[in-house]
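What follows is a short report on a single structure.
The values are calculated or read from the model by the stated rules, or taken from the named source; none is laboratory data. What you see is a predicted model; the values in this text were computed from it and never measured. A quick note on method: Cβ atoms are made from the backbone with ideal geometry, for glycine too, and the neighbour counts reach across all protein chains shown.
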Amino acid sequence: MAGGSNVTVLDLERESLRAVNRRLQTVGAGAGPFRVSNPRGAHALACGLTAGIEVEIEGHTGYYCAGMNEAARVTVKGNAGVGVAENMMSGEVWVTGDASQSAAATAHGGLLVVEGNTAARCGISLKGGDIVVKGNVGHMSMFLAQAGNLVVLGDAGESLGDSIYEARIYVRGKVASLGADCIEKDMGEAHRADLAALLERAGCVDADVGAFRRYGSARALYHFKSENLDSY
């Protein structure tokens with residue numbers, strides 16, 4: 001974030017969460033940048049932002065930070081609780097620490113970058129956003145993901161991509177196990193180009209694209225078949 005006197009500081013020790021959110025939700029594009037101090041694990045902080053503003057949160061946040069984000073760039077200088085960037089439409093959300101369960105759940109667009117690890121169900125029901133996790137992801141990540149990308153520079157937990165649709169998963173480390181209907185797929189030139197672009201956006205300029213493997217849907221469970229009953 002740009003420094004200097006142009007930074008507007010919003011202190012949650014002096015202002016209510018509602019007042020801070022209202023301020024961030026009602027400013028126009030180009031306002032700020034804003035710095036939120038003393039978040040102290042506040043839930044639903046910086047949600048529903050529609051303007052192209054820059055917000056830096058100095059500390060850990062609770063549930064649903066930066067949910068429903070549209071156009072803003074929100075940086076959490078710490079850890080984030082359950083559902084960070086949930087239902088994000090566009091913009092960027094960065095977490096410098098770890099993120100809890102269901103990071104970027106149902107996101108339709110935008111980019112979430114987690115510099116640490118994420119817990120279970122990262123990218124659950126993803127509908128078009130992009131997620132880059134520089135550490136590990138927990139079990140059942142990308143469960144029911146329909147579109148978009150998850151890039152994992154570390155390891156992935158059990159049941160990765162369970163019941164996945166047309167989303168793509170790229171993992172550099174180990175995968176504990178794959179979920180129902182998720183398989184390893186070939187890495188074509190288009191996939192390598194997409195992955196390289198995502199890594200560049202996330203600041204992972206030294207990551208070797210060739211070290212990643214791609215996973216996606218086997219498309220065997222799109223339509224109900226009695227012989228696949230045990231897989232549902």
Exercise for review: Run down G83, G59 and say which single residue is closer than 15 Å to L112 by Cβ, small (G, A, S), crowded, with 16+ Cβ neighbours inside 10 Å and modelled with pLDDT of 95 or more.
Suggested key: G83
Review point. In the stretch 68-91, which residues are within 9 Å of the chain's Cα centre (by Cα) and among the charged types (D, E, K, R)?
Key: E86
Check your understanding: Do any residues in the stretch 167-185 that are at negative phi have Cβ atoms under 7 Å from those of residues that are crowded, with 20+ Cβ neighbours inside 10 Å and among the acidic types (D, E), where the two are at least six apart or on different chains, and which pairs are they?
Key -> G179/D162; A180/D162; C182/D162
Exercise for review: Examine the stretch 129-140 for a residue that is surrounded by fewer than 24 Cβ atoms within 10 Å (Cβ to Cβ), over 22 Å from A196 (Cβ atoms) and under 11 Å from the mean Cα position of the chain (by Cα), and state whether such a residue exists.
Suggested key: no
Exercise for review: Can you tell me which residue within the stretch 173-205, out of those that are under 15 Å from G135 (Cα atoms) and surrounded by fewer than 15 Cβ atoms within 10 Å (Cβ to Cβ), is nearest to the chain's Cα centre (by Cα)?
Suggested key: G203
Review point. Going by the structure shown, is T61 within 21 Å of G110 (Cβ to Cβ) and in contact with a Pro (Cβ under 6 Å, 6 or more places away or on another chain)?
Key: yes
Practice item. Enumerate the pairs (first residue in the stretch 139-151 and hydroxyl-bearing (S, T, Y); second residue anywhere and surrounded by 24 or more Cβ atoms within 10 Å (Cβ to Cβ) and modelled with pLDDT of 95 or more) with beta-carbon separation below 7 Å, excluding pairs fewer than 6 apart on the same chain, so at least 6 apart or on different chains. Key: S141/R121; S141/C122; S141/G123; S141/L150; S141/A156; S141/L160
Review point. Inside the stretch 104-128, can you point out the residues that are of a type in the set (K, R) and crowded, with 24+ Cβ neighbours inside 10 Å?
Key: R121
